[in-house]
1. What are the residues in the range 476-490 that are over 33 Å from the mean Cα position of the chain (by Cα) and of a type outside the set (S, T, N, Q), if any?
2. Looking for something free of Cβ contacts under 8 Å to residues at least 60 places away in the same chain and in a strand (DSSP E or B) - is there at least one such residue anywhere in the range 238-257?
3. Against the definition (buried (at least 21 other Cβ atoms within 10 Å of the Cβ) and closer than 19 Å to Thr411 by Cα), how does Gly185 come out, yes or no?
4. Taking Val197 as the residue in question, decide whether it is free of Cβ contacts under 8 Å to residues at least 24 places away in the same chain, closer than 27 Å to Phe245 by Cα and under 14 Å from the mean Cα position of the chain (by Cα).
5. Condition first: touching a Leu at 6+ places or on another chain (Cβ under 6 Å) and either on the phi > 0 side of the Ramachandran plot or at pLDDT below 80 (or both). Now tell me which residues in the range 86-101 satisfy that.
6. Restricting attention to the range 221-254, and to residues there that are of a type in the set (Ser, Thr, Tyr) and in contact with a strand residue (DSSP E or B) (Cβ under 6 Å, 6 or more places away or on another chain), which single residue is surrounded by the fewest Cβ atoms within 10 Å (Cβ to Cβ)?
7. Yes or no: Gln436 touching a strand residue (DSSP E or B) at 6+ places or on another chain (Cβ under 8 Å) and without any contact (Cβ under 8 Å) to a residue 60 or more places away in the chain?
Amino acid sequence: MYNIFFLALRRMRVPLITLILIYAVSIFGLVLMAAPAGQPALDFFHAFYFMSYTATTIGFGEIPYAFSMAQRAWVLVCIYLSVIGWTYTLGSLLALFQDKSFQHAMRLARLTLKVRRMPTPFYLILGYGQTGQLLARALDERGERFVVVETREERVNEVLLAGYHADVPAIAGNAANPELLQVAGLLHPRCRGVLAVTGDENVNLAAMMACHALRPRLLSIGRSRSLHVGRNMSSFGANHVINMFETVGVEFRMALRSPSHYRLWQTLCALPGRPIPPLFCPQQGLWIVVGFGRFGHAVYQALLQQGMTVKVIDEEGHPELPEGVLVHGLGVTESELRAAGLRQAVGLIACHDHDVNNLSAIATAREIKPELMVVARQNLAQNRSLFVAIKPDLTVIRSQIVARQALVAMTTPLLTQFMELVQTYSESWASQLEEQLLLLCDGDVPERWAIELTAQNKGFVHAFLAQPLPPLRLADLCRDPANRERSLACLPLLYQYQGHDIVLPQSSQQLQLGARILFAGSLRAKREMQWALESPVLIDYLRTGIDAPRGAVFRWLAAKIGQKKAARDRTA
């Protein structure tokens, strides 16, 4: 506000001085003008009073006495002078409000005020493209607050019109500017983390560097396109670096190697409440990759690692490819697809940067071979209806993959460790776990949450320190606090304690202070569990079945009854 005030004064200096001079000259002249015979001349107070209501067109008449001809003539001059002065001043004021730099200063001031008054913890999202919008929507559905920094002004306006549950502070500016990041809340004590997902990886790199320098222990997640930028982010301590094309390759490699593990990963990383994705079972044989950019290259490497035969269709030459693998063209015509061996192929992957080319290649390929398995790359979210209509076996949306990875790193980092451990288990084991998750939420993606058994929680302090017997077990946490005979719709996925990891721990597992547990289940189960963990009385009820009085009055009455019963027992 300090900068805005002095910026306005600097821009309005000449108009205000002009207006002050007009008033000063008018008042001084009115004092000097001769009054009618027998009446005193106007003093400075009455002259100022008269000019104040006359110049603002209120018009109370000639006060305190009727004016002389000289006074009236001077008043005429003053009226026109004040009209000119006010016109000049108001015009300058309107021009000031339309000035881009002043508007930007106003937005910065409003953003600073909103961030300063943030009532709850929040995240800082840098970039409001497709990935940023997905992250913002996911955080909003979880009840999390966030601040958006975006380069393009029109996208900032989209934030204001998005209809989020809470007011979202947003500003247009360069996310690589450390001062702008500080204004957006980087140094705010309630800032939980920074998500650098702009379209420019160099801006993401600069933002990660600023985060590391100003808040070294803050959660930072950066998106990169190239390996060297990703390594640079990791070198100075970024918590999580997401390489877009490498991530696509890793997930697609998982889908080829182990469909059940891939579906399990999708189920646990997707947004809760969405339908669980269908099982993708690719066949062995010839696969055709249409488009050989960085996305296509990642898919090509994943196919080769799984022992697939691959043909590539691309307009540009690629000398790194073996002889006979490359077919020149866009892959949208029948002749190009036949030259790549479409009749013998089991699958086609459309990897172009343009959705129109991908859709065209899929449509042409299905006309030649309807039973062909198709994987489509979708670049723009606005084309979702077109890809739904064409019904590919698998749709790969780069922004969704990056957003999913970032959301997991933010909210449940324990889930990443769980999925790494799951890779060591068999395909049938992953399929059985998938069936259990399907039953939890009637075919929808379950909620995921992690609890840490620390002394900061009232229930755990009571269970481990104040009243350690009977010991608290995992089965107790999974009971319904309203009726312990019923179980909550949840499944413990991982129990971690002192460097030891137990996947799918048994219900008889005895809990230890300092352990961490990962759960999946319904939203109600999550809320009931978190509610029970805050109450020592409910913790005792869950592990013993004794429903102790919960209010101060009822505890007092129970104590009195207990004393009377003890007295009767002594006299008996």
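The values are calculated or read from the model by the stated rules, or taken from the named source; none is laboratory data. Everything numeric in this text was worked out from a predicted model, so none of it was measured. Because the Cβ atoms are built from the backbone with ideal geometry, glycine has one as well, and the counts that use them run over all protein chains shown.
1. If the condition is that a residue be over 33 Å from the mean Cα position of the chain (by Cα) and of a type outside the set (S, T, N, Q), then Asp476, Ala482, Arg484, Glu485, Arg486 are the ones that fit.
2. Checking the range 238-257: at least one residue is free of Cβ contacts under 8 Å to residues at least 60 places away in the same chain and in a strand (DSSP E or B).
3. no
4. Working: free of Cβ contacts under 8 Å to residues at least 24 places away in the same chain: no; closer than 27 Å to Phe245 by Cα: yes; under 14 Å from the mean Cα position of the chain (by Cα): yes.
Against the criterion (free of Cβ contacts under 8 Å to residues at least 24 places away in the same chain, closer than 27 Å to Phe245 by Cα and under 14 Å from the mean Cα position of the chain (by Cα)), Val197 does not qualify.
5. From the range 86-101, those touching a Leu at 6+ places or on another chain (Cβ under 6 Å) are 89; that's our starting set.
Selection gives nothing.
6. Ser234
7. On the way: touching a strand residue (DSSP E or B) at 6+ places or on another chain (Cβ under 8 Å): yes; without any contact (Cβ under 8 Å) to a residue 60 or more places away in the chain: yes.
For Gln436, the condition - touching a strand residue (DSSP E or B) at 6+ places or on another chain (Cβ under 8 Å) and without any contact (Cβ under 8 Å) to a residue 60 or more places away in the chain - is met.
Residue-wise test of (1) farther than 26 Å from Pro275 by Cα; (2) surrounded by fewer than 14 Cβ atoms within 10 Å (Cβ to Cβ); (3) modelled with pLDDT of 90 or more.
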residue: Gln498; (1), (2), (3): yes, yes, no
residue: Gln510; (1), (2), (3): yes, yes, no
residue: Leu513; (1), (2), (3): yes, no, no
residue: Glu528; (1), (2), (3): no, no, no
residue: Ala532; (1), (2), (3): yes, no, no
